[in-house]
Amino acid sequence: MLINHRTSTVPGRSPEAVDLYWWQGQYGDFVMTSVFDLRGLTCREPGVFLLVRRDEKGNRTPLYVGWAGSISDDLCDDLGDPYLRAIRDGANEIHVHFIDDPSCRALITDIAAKWAIESRSVFSLV
């Protein structure tokens, strides 16, 4: 599936089969995300991401929201404690909104406020 001129795929499934999920921010705006399994994630694209716990009933709870220039690399290298806490709290999915734009700070703040979760840009957007 082509999202913001980038291809998203899930191993073993055709590109058209990528799961999508819409998150709502505090001010009512929705943002579309591509859903990936947190294990074995390889996504070197920039974007807003949510670390999400999905339970056996399919309910999704966001645990952390942030932005990274290379999501899979920066999560492991730069995020540290918040990433490990989210995994410890049951994070098993990562939802990605592909964007390479400093204005995404407002998007991160909006989603974090709606869901009362921790947020941070993984590294400076400057």
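The values are calculated or read from the model by the stated rules, or taken from the named source; none is laboratory data. As the structure is a computational prediction, the values presented were derived from the model and not from experiment. Methodologically, a virtual Cβ is constructed for each residue, glycine included, from the backbone with ideal geometry; neighbour enumeration extends over all protein chains shown. Note: areas computed on protein heavy atoms with side chains; ligands, DNA, RNA excluded. Shrake-Rupley method; radii C 1.70, N 1.55, O 1.52, S 1.80 Å.
Selection within the range 92-118: residues that are assigned to a loop (DSSP other than H, G, I, E, B) and not β-branched (Val, Ile, Thr). The member of this set that is nearest to Thr42 (Cα to Cα) is Asn92. If the condition is being surrounded by 18 or more Cβ atoms within 10 Å (Cβ to Cβ) and over 13 Å from the mean Cα position of the chain (by Cα), then the range 92-114 contributes only Asp110. Is one or more of the residues making up the range 37-45 open to solvent by less than 70 Å² (accessible area, probe 1.4 Å), aliphatic (A, V, I, L, M) and part of a loop (DSSP other than H, G, I, E, B)? So far as the range 37-45 goes, yes, one or more of its residues are open to solvent by less than 70 Å² (accessible area, probe 1.4 Å), aliphatic (A, V, I, L, M) and part of a loop (DSSP other than H, G, I, E, B). Across the range 1-36, the number of residues qualifying as over 21 Å from Gly69 (Cα atoms), surrounded by 15 or more Cβ atoms within 10 Å (Cβ to Cβ) and at pLDDT below 80 comes to 1.
Scan the range 78-91 and tell me whether some residue there is under 10 Å from the mean Cα position of the chain (by Cα), at pLDDT 85 or above and of a type outside the set (Ser, Thr, Tyr).
Keep residues of the range 78-91 that are under 10 Å from the mean Cα position of the chain (by Cα), which gives none.
No, the range 78-91 contains no residue that is under 10 Å from the mean Cα position of the chain (by Cα), at pLDDT 85 or above and of a type outside the set (Ser, Thr, Tyr).
Tallying residues that are in a helix (DSSP H, G or I), among the hydrophobic types (A, V, I, L, M, F, W, C) and open to solvent by 30 Å² or more (accessible area, probe 1.4 Å) within the range 58-91 yields 3.
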